[in-house]
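The values are calculated or read from the model by the stated rules, or taken from the named source; none is laboratory data. What you see is a predicted model, and the numbers here were worked out from it, not measured in a lab. Neighbour counts run over all protein chains shown; Cβ positions are idealised from the backbone, glycine included.
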Amino acid sequence: MALLQILISGLATGAIYALVAVGFMLLWQTSQTINFAQGEFVMLPAFFVLAAMKFGGLSFGMALLVGMLASLIVLGLLFKVLIVNPMLRHGVLPLVISTIALALFLKEGVKEWYAAEAQSFPAVWSNDNLEIAGAVVSVQNLVIIAVAVAAVLLLQWFLARTRTGRCMQATAQNPALARILGIRVERMILYTFLINAALVALASFLISPIYLAKFSNGETLGLAAFIAAIVGGFNQVRGAIVGGLLLGVVDNLAAAYISTQYRGAIPLFVLIAVILFRPQGLLGRAEERSV
Amino acid sequence: MKSLSKAALAAAICMALGTAHAQQTVNIPDVIELSGAGAVSGTNWRDGVILAVDEINAKGGILGRKIVTTHSDTQSNPGISRAQVQKALDGDPYVILGPVFSGSVKVNMVLAQQAEVPQFTGAEAADITQMGNSYIFRTSFGQQMSMPKIANYVRDGVKAKTVAVVWVNNDFGKGGRDSFVKEMNSRGVKVAADISTESGQVDFAADVVKVKNANADCVFIYTNEEESARFLREARKQGVKGPLLGETTLLGQKVIELAGDAANGVRGHVGLSADIPVPAVQEFKAKFNKRFGYFPDHNGIKGYSAVYAIKYATTKIGKFDRKLLAKTLHGMTITPAMEPGILIETTWDEHGDIDRISFLAEVVDGKQKITQTLPKLGK
Amino acid sequence: MKLTDRRVQAVAGLLLVGVLIAAPLGLKPHGIYLLSMWAVMSIAAIGLNLTLGYAGQISLAQAAFVGIGAYCSAILTTSYGWPFGAAFVMAALLCFVIGWLLGYPALRVQHHYLAFVTLAFTTLVFLVLRNEEWLTKGIYGISGINRPNLFGWSTKAPRDFYYFCLIVLAGVSWFTWRLVRSPWGRAFMALRENPVRASSLGVDTRRYTLMAFAIGSALGGVAGALYAPLVEFIDPTPFALSLSLNLLLMVIVGGSGYFFGPFLGAIVSVLLPEWLRFTDGLYLIIYAVFVMALMVVCPAGLLGLVEKIFKPLSKSGKAAP
């Protein structure tokens, strides 16, 4: 019974990791962008919403729309145009450094221009709890799992079944060839940035009622996203979901049954084990670039 | 030649004016956590200091001199805090304020001690006042004083025989846990579960499960604000029995606000808080909120009262003498009648520890309710 | 006037040395402390530059080695009464061995995978330093670390300790300079440019990458051994992932693979935020914007930009510093 409690809670946390990991993986696959600011990307949209309500006087629903729009523009478009584009030709590392600096900028910016303290965030769904087989599960947790899985499945369908989606896959596999085939590569890459922005905004709105909005939320989330992406399979959307869910559950199990002082170590061991023995991840196909 | 003597004259005038200007101010730098893990506490402290300094300067300053304060960010990093304190000391300060993080205090108070500059800190680790430093002064209870009070409550008020301890793994949480466990052991209360959590942790399901499995008579929770709120929610959700107890942070307004209904029923000891029903404190809270747009936590009170303590003691001795100030503060009691800015009657002992009244409280209907006032230890 | 001209480099080197020796004369203890911190971080950055800039391995483990070196030297001198010199050597040796042992499995993977493995290692080391109280005093840290007394010269005063750091920095720089110019160094660079070709030419890629990684780690340990007496207190918090990212930033911003890159990078990372402090709450924000702008304008780092200015028509000359 306690096990069920831990499992469900782990799945909910893991679902968030999955959302964030998918976006991270998309960026990496299509444009070689390792986004060290991914955690802060999840932290920020909640503050867009809070600011819209506080300074713009908007209702929660409207503020959510504004927040999503702001995320798409700032974390999708502006990120690509101002930071990624100029640095893409120079290799991975300068871009990594820029995203590290960007993470610092976003974190300190929110702290300085909004607040240093944690802020409560309204819940989109009710605060109730259900009882399932002796375990108490909050409705919010179930909603998170459902929405995250739905989002990822939708993305999977989009990539596999629509024309644009398949163009994006082609771009990831071989940009030069894709260009020759007439695919608008730049536009495809822009789409992945926009999709990432939408996914992180969604994650932000889902978790902020529980996590509370705080400028430092990005730190642990970012790391979890990287681990989930690699463990699950760096070139498969399905992999990111599996990686995220697995990570959430493993983390909770470790905390419950192993010394809590080392709870953070277990996911790291899993990461190291996967990288050394199965670098393509649990679901990935061996070193083939795809989405 | 002419231009040289003109320049010399100009320089002499500037220097004279400069030193004359310097006579008009007193330098009290503030070295505090404004980014990193301690940002929330440090920001509260800093704003409390700003409020006090502005109020005092508006009334003419200390002994006619305006207070000049710079706020230097330690980034919650002891190495950087040491650099900032060194920088502050280079500027020939009267007194140094801050930091709040115990780790940072331990490294930089050595410097202040060597320079014989008094230092008012917000840190609560027990050993800070046990290292033979006659220049360090607290602004709130050390853990060695607050823990016995809550421990007594556990034994006598709750009448518990076993307790589960949940703490955050940083120097604040570990120090509190160590002090608390020591007090529990000396009172014959068994620690049924000893659960460490991470700073910034969001998911407490596993920890709550462990608490439930321990089946203790009560649970003592010593974490930072958000983590406390998240833990309380999870505990309420999973139906944890037994009273949830805390020390200051757990019963603070911020935690109550973030945890919502889950905070109701929480009990504990409150050493210092902006929510106690002392009129001076409530007035301070309103002033603070008007100026800065948010309600202060206990760190705001610490910063505010520290500046006023310095003002009062300096005015009493009539001059700016650092060594004499330190000597005077040891054993001094300041009441709100003597100095309203102190907010609550405060005594410093010969180690720099603080003695004040404190409170036992319970959270009822989303508000902190005082159930008992505990007297000062001395008197 | 080419950047690679031996004479230019010699003159630049002498100028640098002169400036460094004269620097503390006008400064208060705080400024001297910052300079000492810059010197210590430069040593760690030089180590990372060797691993990353010359041998092409993306390591995020350098913070762990600085931490191991710091704790090793602190524990040996405070708890066991070892003389500083012996503790110092032990710190470097320990980090070399751990670097070698880590490198063995880790270097089988490349690029971003190696980055994540070393990232995991850093976090694990941090957890060990924090949790194993019996050894490291845990989160409370080790205080009262004394500055060494070398053959009667006490380094307790700020200026004396700074000169001591400078001497170690000079030693490390000379060692790295010779290493890079030796056949070893050329092998490292061959590995970075074209590992397949290197191994087809008979270069034992495994051995050389391990060597570069281990030496880089040892230098991290040296930096740590100096960090402890500089701050006179250590706790686990500085030796976490953020330091690794900072060191990476130093190497890239300075110019990865350039000999003087780490020095410049350390100036940016250690000194620039301090110079910006006059802006109060905004200093970290301005610093972040500066770094982003710098990366956009000169992704090859500051020295890459300098080289572009001096040699606009030649190929990118990273190979021969």
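Would you say C:V40 is within 14 Å of another protein chain (Cβ to nearest Cβ) and without any contact (Cβ under 8 Å) to a residue 24 or more places away in the chain?
The answer is no for C:V40.
Has the stretch A:41-64 got at least one residue that is within 11 Å of another protein chain (Cβ to nearest Cβ) and at negative phi?
Yes: one or more hits.
Please pick out the residue among A:F226, A:F193 that is in a helix (DSSP H, G or I), at pLDDT below 90 and buried (at least 21 other Cβ atoms within 10 Å of the Cβ).
A:F226
I'd like the full set of residues that are in contact with a Phe, Trp or Tyr (Cβ under 9 Å, 6 or more places away or on another chain) and either basic (K, R) or assigned to a strand (DSSP E or B) (or both), limited to the stretch B:324-351.
B:T333, B:I334, B:W348, listed by residue number.
Among the candidates A:F226, A:F193, which residue alone is closer than 18 Å to A:P267 by Cβ and either away from chain B (no Cβ under 14 Å) or of a type in the set (A, V, I, L, M, F, W, C) (or both)?
Sole residue among the options that is closer than 18 Å to A:P267 by Cβ and either away from chain B (no Cβ under 14 Å) or of a type in the set (A, V, I, L, M, F, W, C) (or both): A:F226.
I want to confirm something. Restricting to the stretch C:262-292 and keeping residues that are among the β-branched types (V, I, T) and over 15 Å from A:P94 (Cβ atoms), which single residue is farthest from the other protein chains (Cβ to nearest Cβ)?
That would be C:I267.
So which residues in the stretch A:53-68 are within 24 Å of A:F193 (Cα to Cα) and touching a residue at least 24 places away in the same chain (Cβ under 8 Å), if there are any at all?
The answer is A:L64, A:G67, A:M68.
Looking at the stretch A:112-154 only, could you name the residues that are within 16 Å of A:S208 (Cα to Cα) and within 14 Å of chain C (Cβ to nearest Cβ)?
A:Y114, A:A115, A:A116
I'd like the full set of residues that are within 12 Å of chain B (Cβ to nearest Cβ) and free of Cβ contacts under 8 Å to residues at least 40 places away in the same chain, limited to the stretch A:255-272.
Within the stretch A:255-272, A:A255, A:Y257, A:I258, A:S259, A:T260, A:Q261, A:Y262, A:R263, A:G264, A:A265, A:I266 meet the criteria.
The rows are residues; the columns are (1) in contact (Cβ under 8 Å) with a residue 60 or more places away in the chain; (2) buried (at least 21 other Cβ atoms within 10 Å of the Cβ).
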| position | (1), (2) |
| --- | --- |
| A:K80 | yes, yes |
| A:V92 | yes, no |
| A:L95 | yes, yes |
| A:A101 | no, yes |
| A:L104 | no, yes |
| A:Q119 | yes, no |
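Since B:D261 meets every condition but one in (1) in a helix (DSSP H, G or I); (2) more than 21 Å from the chain's Cα centre (by Cα); (3) more than 9 Å from chain A (Cβ to nearest Cβ), which condition does it not meet?
Of the numbered conditions (1) in a helix (DSSP H, G or I); (2) more than 21 Å from the chain's Cα centre (by Cα); (3) more than 9 Å from chain A (Cβ to nearest Cβ), the odd one out for B:D261 is (3).
Of all residues being under 14 Å from A:R238 (Cα atoms) and of a type in the set (G, A, S) in the stretch A:1-40, which is nearest to the other protein chains (Cβ to nearest Cβ)? Just the residue, please.
A:G14
Yes/no per residue for (1) surrounded by fewer than 20 Cβ atoms within 10 Å (Cβ to Cβ); (2) closer than 30 Å to C:T205 by Cβ:
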site: C:H111; (1), (2): yes, yes
site: C:A115; (1), (2): no, yes
site: C:V125; (1), (2): no, yes
site: C:I139; (1), (2): no, no
site: C:N146; (1), (2): yes, no
site: C:W153; (1), (2): yes, no
site: C:K156; (1), (2): yes, no
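Restrict the check to the stretch C:139-150 and report whether at least one residue is within 14 Å of chain A (Cβ to nearest Cβ) and among the hydroxyl-bearing types (S, T, Y).
Taking every residue of the stretch C:139-150 in turn, none turns out to be within 14 Å of chain A (Cβ to nearest Cβ) and among the hydroxyl-bearing types (S, T, Y).
List every residue pair whose Cβ atoms lie under 7 Å apart, where the two residues are 6 or more positions apart in sequence or sit on different chains, the first residue falls within the stretch C:292-321 and is among the acidic types (D, E), and the second residue, located anywhere, is at pLDDT below 80.
The qualifying pairs are C:E307/C:L3; C:E307/C:G317.
One line per residue, one yes/no per condition, for (1) closer than 19 Å to C:G53 by Cβ; (2) basic (K, R); (3) not in a loop (DSSP other than H, G, I, E, B):
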residue: C:Y163; (1), (2), (3): no, no, yes
residue: C:I167; (1), (2), (3): no, no, yes
residue: C:G171; (1), (2), (3): no, no, yes
residue: C:T176; (1), (2), (3): yes, no, yes
residue: C:W184; (1), (2), (3): yes, no, yes
residue: C:A187; (1), (2), (3): yes, no, yes
residue: C:G202; (1), (2), (3): no, no, no
residue: C:Y208; (1), (2), (3): yes, no, yes
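Just a yes or no: is a residue in the stretch C:233-249 under 12 Å from the mean Cα position of the chain (by Cα) and more than 27 Å from B:N169 (Cβ to Cβ)?
Yes, because at least one residue in the stretch C:233-249 is under 12 Å from the mean Cα position of the chain (by Cα) and more than 27 Å from B:N169 (Cβ to Cβ).
Hey, B:V209 hits all of (1) in contact with a helix residue (DSSP H, G or I) (Cβ under 6 Å, 6 or more places away or on another chain); (2) of a type in the set (A, V, I, L, M); (3) more than 12 Å from chain A (Cβ to nearest Cβ) but one; which does it fall short on?
(3)
Among the residues of the stretch C:84-98, is there at least one that is farther than 17 Å from C:V222 by Cα and within 18 Å of the chain's Cα centre (by Cα)?
No.
For the stretch B:76-102: of the residues being touching a Gly at 6+ places or on another chain (Cβ under 6 Å) and facing chain C (nearest Cβ under 8 Å), which is surrounded by the most Cβ atoms within 10 Å (Cβ to Cβ)?
B:P78
This table checks each residue for (1) out of contact with any strand residue (DSSP E or B) (no Cβ under 6 Å at 6 or more places or on another chain); (2) small (G, A, S); (3) surrounded by 15 or more Cβ atoms within 10 Å (Cβ to Cβ); (4) not in a helix (DSSP H, G or I).
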| residue | (1), (2), (3), (4) |
| --- | --- |
| C:L76 | yes, no, yes, no |
| C:W82 | yes, no, yes, yes |
| C:A86 | yes, yes, no, no |
| C:A91 | yes, yes, yes, no |
| C:L94 | yes, no, yes, no |
| C:G99 | yes, yes, yes, no |
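Would you tally the residues in the stretch B:264-282 being of a type in the set (D, E, K, R) and over 19 Å from the mean Cα position of the chain (by Cα)?
Number of matching residues: 1.
Among the residues of the stretch C:216-261, count how many are within 13 Å of chain B (Cβ to nearest Cβ) and closer than 18 Å to C:A170 by Cα.
The qualifying residues number 5.
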